[in-house]
Amino acid sequence: MENEPTTEHQSIESKSIQGGCYCGRIEYQVQLPVKWCAHCHCTQCRHTQGAPLVTWFGVDRNQFQYLKGEQDVAWFDSSDSAKRGHCIHCGTPLFFLSEKWQGEIHITRESTQEDILQKPQIHVFYDRHVNYLAFEDQLDKHGGPDGFSPLTKQNEKSE
Ligand SMILES: [Zn+2]
Ligand SMILES: [Zn+2]
């Protein structure tokens with residue numbers, strides 16, 4: 001099998017997707033494959049995006065480039081070690097950078113309408129999830145103080 005052409009792999013490697021903000025002033029391009037895709041239930045994601053959860057995907061910074069509008073991204077420090085970027089015109093949340101994930105950029109899944117070839121794989125900060133929406137998928141639910149520790153059935157509930 002070693003000599004079989006790895007067509008599928010190559011096509012993912014060479015595929016890129018585009019996304020951007022709602023008003024269209026910011027556009028980016030990402031070279032696939034993405035590293036991961038996850039649902040985040042942390043308080044910061046929910047509050048800053050006005051949503052019950054936020055789905056993100058991550059890529060290496062060198063797989064990401066602006067096509068236009070880099071100057072229209074407003075960054076604010078959401079913690080001592082992380083910042084979030086949104087469009088200054090339409091407010092669309094787009095990016096997350098953290099010292100915890102150096103060399104990586106996290107991008108809101110809904111800022112692209114294209115197939116990123118990776119379905120969400122996990123819930124993080126799940127023990128903080130809202131109580132007005134049911135999450136009935138079979139994905140792993142992680143949480144705890146760091147947001148990324150496996151949860152048992154008992155501590156999955158939000159307070
Ligand atoms: Zn915009
Ligand atoms: Zn979050």
(message) I'd like to know if the stretch 127-134 contains one or more residues that are surrounded by fewer than 16 Cβ atoms within 10 Å (Cβ to Cβ), out of contact with any Pro (no Cβ under 8 Å at 6 or more places or on another chain), among the polar types (S, T, N, Q) and closer than 17 Å to residue 50 by Cα.
(response) yes
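Condition first: in contact with a Lys or Arg (Cβ under 8 Å, 6 or more places away or on another chain), within 16 Å of ligand 2 (Cβ to nearest atom) and part of a helix (DSSP H, G or I). Now tell me which residues in the stretch 47-72 satisfy that.
Step one: filter the stretch 47-72 for residues in contact with a Lys or Arg (Cβ under 8 Å, 6 or more places away or on another chain), giving 48, 52-60, 68-69, 72.
Checking which are within 16 Å of ligand 2 (Cβ to nearest atom) leaves us with 48, 52-58.
The answer is 48, and nothing else.
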(request) Run down 115, 146 and say which single residue is among the charged types (D, E, K, R), without any contact (Cβ under 8 Å) to a residue 24 or more places away in the chain and surrounded by fewer than 18 Cβ atoms within 10 Å (Cβ to Cβ). (result) 146
(request) Filter the stretch 83-110 down to residues that are more than 15 Å from ligand 2 (Cβ to nearest atom) and surrounded by 13 or more Cβ atoms within 10 Å (Cβ to Cβ) and give me whichever is nearest to residue 140 (Cα to Cα). (result) 92
(request) State which residue is nearest to residue 63 (Cα to Cα) when the search covers only the stretch 83-112 and only residues that are among the aliphatic types (A, V, I, L, M) and either more than 16 Å from ligand 1 (Cβ to nearest atom) or in contact (Cβ under 8 Å) with a residue 24 or more places away in the chain (or both). (result) 105
(request) State all residues of the stretch 63-82 that are loosely packed, with under 15 Cβ neighbours inside 10 Å, in contact (Cβ under 8 Å) with a residue 12 or more places away in the chain and farther than 18 Å from residue 26 by Cα; if no residue qualifies, say none. (result) 79, 81
(request) Scan the stretch 139-159 residue by residue and report those that are at pLDDT 90 or above, assigned to a loop (DSSP other than H, G, I, E, B) and not charged (D, E, K, R). (result) 139, 144, 145, 147, 148, 151
(request) For the stretch 12-46, enumerate the residues that are of a type in the set (Gly, Ala, Ser) and either part of a helix (DSSP H, G or I) or without any contact (Cβ under 8 Å) to a residue 12 or more places away in the chain (or both). (result) 14, 24
(message) Suppose we filter 114, 110, 136 for residues that are among the acidic types (Asp, Glu) and modelled with pLDDT under 95; which single one remains?
(response) 136
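The values are calculated or read from the model by the stated rules, or taken from the named source; none is laboratory data. Model, not experiment: these values are computed from the prediction. When we count neighbours, we look across all protein chains shown, and the Cβ atoms used for this are built from the backbone with ideal geometry, even at glycine.
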